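Comments concern the structure below.
The values are calculated or read from the model by the stated rules, or taken from the named source; none is laboratory data. Just so you know, these numbers come straight off a predicted model, no measurement behind them. Note: ideal-geometry Cβ built from the backbone for every residue, glycine included; neighbour counts use all protein chains shown.
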C-alpha cells in the first residue's frame, strides 16, 4: 500500500474498501438467490409431503406441509432485509416554534 498522499486532500475524503457498501446489483442478486433457494426448499417440502403421505406416520407429511406454508413468509422477510439504513438523519424539514398570532384572541372560541 502506498504511503503517499495527494496534496491538499485530507484522508477522510477517501472511502476505504472495507467500509464501502455492497453494490446494489450484487445486493439484489444475493437476495434473489437466497429467495429462490428457499422456494426450492419449499418445493421439496411439498414433494416430500406428497410422497410420504401414506408411507410414514401422518405427523411427518403434516410437518412438511406446515413448513411449506411458513417458508414463503420467512423467505419474503429475508429477501426484504436488504441494505442497511443510513446512519445520518434524513429529516427534510426543520421544525420551528411558532409564536402567538397578532389578531384578536376573543374570536377564537366562537365568541364575539
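Some points to look at:
- Search result, residues across region 11-22 that are modelled with pLDDT of 55 or more and more than 15 Å from the chain's Cα centre (by Cα): 12, 13, 14, 15, 16, 17, 18, 19, 20
- Some residue of region 78-95 being at pLDDT 90 or above and in contact with a helix residue (DSSP H, G or I) (Cβ under 6 Å, 6 or more places away or on another chain): no
- Residue satisfying condition, being modelled with pLDDT of 75 or more and part of a loop (DSSP other than H, G, I, E, B), within set 57, 72: 57
- Taking every residue in region 27-51 that is modelled with pLDDT under 95 and pairing it with any residue that is surrounded by 12 or more Cβ atoms within 10 Å (Cβ to Cβ) and outside any helix (DSSP H, G or I), at least 6 positions away or on another chain, the pairs with Cβ-Cβ distances below 7 Å are 27/82; 31/82.
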